[in-house]
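Enquirer: Submitted below is the structure of interest, expressed as structure tokens.
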Amino acid sequence: MVRVLVGSQVAVLGLVGLAAGLALRGRRLPLVAGALVVLGAGVGLALPPLAIDAYPTTYRRPSVPYQAASIASGAALYREQCASCHDLGGAGDGPAGVRLPRPPADLRAPHTAQHTAGDLFWWLSNGIPAAGMPAFGRELSEEQRWDLVNFLRALSSGYAARGMGPTIEPDRPWLVAPDFTFAVGPTPPRSLREYRERRIVLLVLYDLARARARLAEIAGRDGTLALLGVEVIAVPVHDARDAIKRIGREPRVLFSVATEGSEAIAAAYRVFATAPHVEFLIDRQGYIRAVARGNGGAGDLDKTIAEIQRLNDEKAPAPAPEEHAH
């Protein structure tokens, strides 16, 4: 920053000298030449720090959308290909990393999300020889590499969201909710994206052994939630095609219980929160606005309803996020 400031000031002096040289009638050439030298020096000082590294794929649009299925696939690939160096949690302290020329990057850090998706794709495809990172361009398909990119973006965002709690920050949406597809019994598949601009979504990741009381509490307020424009989607943390049957007659559930797609949804959204029972409040634009973590016991649903009302009261909703990571 100091270099940019000094360079810009030198460039201004050069411009002043150039203007003066052009205005004079006598000895114009030496003054103009000197001014051009000063101007060039100033520009040379100021511009290099503004330059950024770019690769052939830096601004390439990902061919795989930022969706739960892709993130879940990327998580599995990460465990197989990357965790030995970067650690399962992405902290960069995996056991194989000690043999590398320099420590592996902490993939949870903000810099991961600050790079473009195309940058990450390039490094995955071609490696980083100076750091000892291998290239995966031949070992993994293009789709698999984009899955890894989507997982890495989710990992970094999830680490940044570790402080997000059950209370929304008004008018400050930033955490994109990955799209997902699910089915309820024999009904046609539907996606989270279908609710944009229409409904707030309360996404509930539950373990039935722990969460029966909480599901009963939500079921008991189903009418209130519907009036507030809320769609409840309950997702068992283990893929269970008989999820509805396992709930049984009590509690009497009228909201959606995913019987297909739950495994990918749980794997992706647990990147953002890992408690036994998690509830995500997703606004109409597709952003996660609050995260409630617990054990699945009955809680105070009135607090959740109050946060939903605050979402309904927001005056200037943010534009919907892009479907692809950038």
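The values are calculated or read from the model by the stated rules, or taken from the named source; none is laboratory data. Only a predicted model underlies this, so the values are computations on that prediction, with no experimental measurement involved. For neighbour counting, all protein chains shown are included, and Cβ atoms are generated from backbone atoms with ideal geometry for every residue, glycine included.
Yes/no matrix, rows are residues, columns are (1) more than 18 Å from I282 (Cβ to Cβ); (2) at pLDDT below 95; (3) assigned by TED's automatic domain parsing to the domain that holds T304; (4) among the polar types (S, T, N, Q):
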residue: P101; (1), (2), (3), (4): yes, yes, no, no
residue: A130; (1), (2), (3), (4): yes, yes, no, no
residue: E139; (1), (2), (3), (4): yes, no, no, no
residue: Q144; (1), (2), (3), (4): yes, no, no, yes
residue: A154; (1), (2), (3), (4): no, no, no, no
residue: T181; (1), (2), (3), (4): no, no, yes, yes
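Enquirer: Being outside any loop (DSSP other than H, G, I, E, B) and in contact with a strand residue (DSSP E or B) (Cβ under 8 Å, 6 or more places away or on another chain): is that true of V253 here? Walk me through it before giving the result.
Expert: Values: outside any loop (DSSP other than H, G, I, E, B): no; in contact with a strand residue (DSSP E or B) (Cβ under 8 Å, 6 or more places away or on another chain): yes.
The answer is no for V253.
Enquirer: Shifting gears a bit: Here are some conditions: (1) crowded, with 17+ Cβ neighbours inside 10 Å; (2) small (G, A, S); (3) in a helix (DSSP H, G or I). A76 meets all but one. Which one does it not meet?
Expert: (1)
Enquirer: Kindly establish whether S125 is among the hydroxyl-bearing types (S, T, Y), within 30 Å of E314 (Cα to Cα) and either surrounded by 17 or more Cβ atoms within 10 Å (Cβ to Cβ) or touching a residue at least 24 places away in the same chain (Cβ under 8 Å) (or both).
Expert: Details: among the hydroxyl-bearing types (S, T, Y): yes; within 30 Å of E314 (Cα to Cα): no; either surrounded by 17 or more Cβ atoms within 10 Å (Cβ to Cβ) or touching a residue at least 24 places away in the same chain (Cβ under 8 Å) (or both): yes.
When the stated conditions are applied, S125 does not pass them.
Enquirer: Quick one: which of A264, A275, A292 is surrounded by 16 or more Cβ atoms within 10 Å (Cβ to Cβ), among the small types (G, A, S), touching a Gly at 6+ places or on another chain (Cβ under 9 Å) and touching a residue at least 12 places away in the same chain (Cβ under 8 Å)?
Expert: Details: A264 fails: touching a Gly at 6+ places or on another chain (Cβ under 9 Å); A275 fails: surrounded by 16 or more Cβ atoms within 10 Å (Cβ to Cβ).
Matching residue, one of A264, A275, A292: A292.
Each row is one residue, and each column tells you yes or no for (1) touching an Asp or Glu at 6+ places or on another chain (Cβ under 8 Å); (2) within 23 Å of G158 (Cβ to Cβ).
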| residue | (1), (2) |
| --- | --- |
| T187 | no, no |
| R193 | yes, yes |
| V204 | yes, yes |
| V235 | no, yes |
| R252 | no, no |
| S256 | yes, no |
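Residue by residue, here is whether (1) over 20 Å from the mean Cα position of the chain (by Cα); (2) modelled with pLDDT under 95; (3) not in a loop (DSSP other than H, G, I, E, B) holds:
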{"position": "K245", "(1), (2), (3)": "yes, yes, yes"}
{"position": "A264", "(1), (2), (3)": "no, no, yes"}
{"position": "A267", "(1), (2), (3)": "no, no, yes"}
{"position": "V278", "(1), (2), (3)": "no, no, yes"}
{"position": "Q285", "(1), (2), (3)": "no, no, no"}
{"position": "I288", "(1), (2), (3)": "no, no, yes"}
{"position": "V291", "(1), (2), (3)": "no, no, yes"}
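Enquirer: Restricting to the stretch 81-108, count the residues that are crowded, with 19+ Cβ neighbours inside 10 Å and at positive phi.
Expert: Total satisfying the criteria: 2.
Enquirer: Based on what the data block shows, is A96 at pLDDT below 95 and closer than 23 Å to P62 by Cα? Walk me through how you get there before you give the answer.
Expert: Working: at pLDDT below 95: yes; closer than 23 Å to P62 by Cα: no.
Spelling it out, it is not the case that A96 is at pLDDT below 95 and closer than 23 Å to P62 by Cα.
Enquirer: Related question: Quick one: would you say A117 is crowded, with 23+ Cβ neighbours inside 10 Å, in contact (Cβ under 8 Å) with a residue 60 or more places away in the chain, farther than 26 Å from V64 by Cβ and small (G, A, S)?
Expert: Values: crowded, with 23+ Cβ neighbours inside 10 Å: yes; in contact (Cβ under 8 Å) with a residue 60 or more places away in the chain: yes; farther than 26 Å from V64 by Cβ: no; small (G, A, S): yes.
Here the answer is no, as A117 does not meet what is asked.
Enquirer: Looking at the stretch 314-325, is at least one residue modelled with pLDDT of 95 or more and more than 21 Å from the chain's Cα centre (by Cα)? Break it down stepwise before answering.
Expert: Taking the stretch 314-325 as the starting set, the residues that turn out to be modelled with pLDDT of 95 or more are none.
Checked the stretch 314-325: no residue is modelled with pLDDT of 95 or more and more than 21 Å from the chain's Cα centre (by Cα).
Enquirer: Something else: Name every residue in the stretch 185-206 that is at pLDDT 95 or above and more than 21 Å from the chain's Cα centre (by Cα), in order of residue number.
Expert: Hits for the stretch 185-206 are P188, P189, R190, R198, R199, Y206.
Enquirer: A follow-up question, please. Please determine, by comparing only the residues of the stretch 133-157 that are basic (K, R) and within 18 Å of the chain's Cα centre (by Cα), which one is nearest to F180 (Cα to Cα).
Expert: Our first condition is that a residue be basic (K, R); within the stretch 133-157, this holds for 138, 145, 153.
Subset that is within 18 Å of the chain's Cα centre (by Cα): 145, 153.
Numbers: R145: 19, R153: 16 Å.
Filtering first and then ranking leaves R153.
Enquirer: Out of contact with any Leu (no Cβ under 7 Å at 6 or more places or on another chain), free of Cβ contacts under 8 Å to residues at least 24 places away in the same chain, assigned by TED's automatic domain parsing to the domain that holds R190 and of a type in the set (S, T, N, Q), is that true of T259?
Expert: Numbers: out of contact with any Leu (no Cβ under 7 Å at 6 or more places or on another chain): yes; free of Cβ contacts under 8 Å to residues at least 24 places away in the same chain: no; assigned by TED's automatic domain parsing to the domain that holds R190: yes; of a type in the set (S, T, N, Q): yes.
So T259 does not fit the description; no.
Enquirer: Those residues that are part of a loop (DSSP other than H, G, I, E, B), surrounded by fewer than 21 Cβ atoms within 10 Å (Cβ to Cβ) and either hydrophobic (A, V, I, L, M, F, W, C) or in contact (Cβ under 8 Å) with a residue 60 or more places away in the chain (or both), I need them from the stretch 169-208; list them, please. So that I can check it myself, show each step before the final result.
Expert: Initially, the stretch 169-208 is screened for residues part of a loop (DSSP other than H, G, I, E, B), giving 169-174, 177-178, 180, 184-189, 196-199, 207.
Adding the requirement that they be surrounded by fewer than 21 Cβ atoms within 10 Å (Cβ to Cβ) leaves 169-172, 174, 184-189, 196-199, 207.
Scanning the stretch 169-208 gives E169, P170, D171, W174, V184, G185, P189, R196, E197, R198, R199, D207.
Enquirer: Tell me, yes or no, whether the stretch 294-310 has at least one residue that is at negative phi, at pLDDT 95 or above and outside any helix (DSSP H, G or I).
Expert: No, every residue in the stretch 294-310 fails to be at negative phi, at pLDDT 95 or above and outside any helix (DSSP H, G or I).
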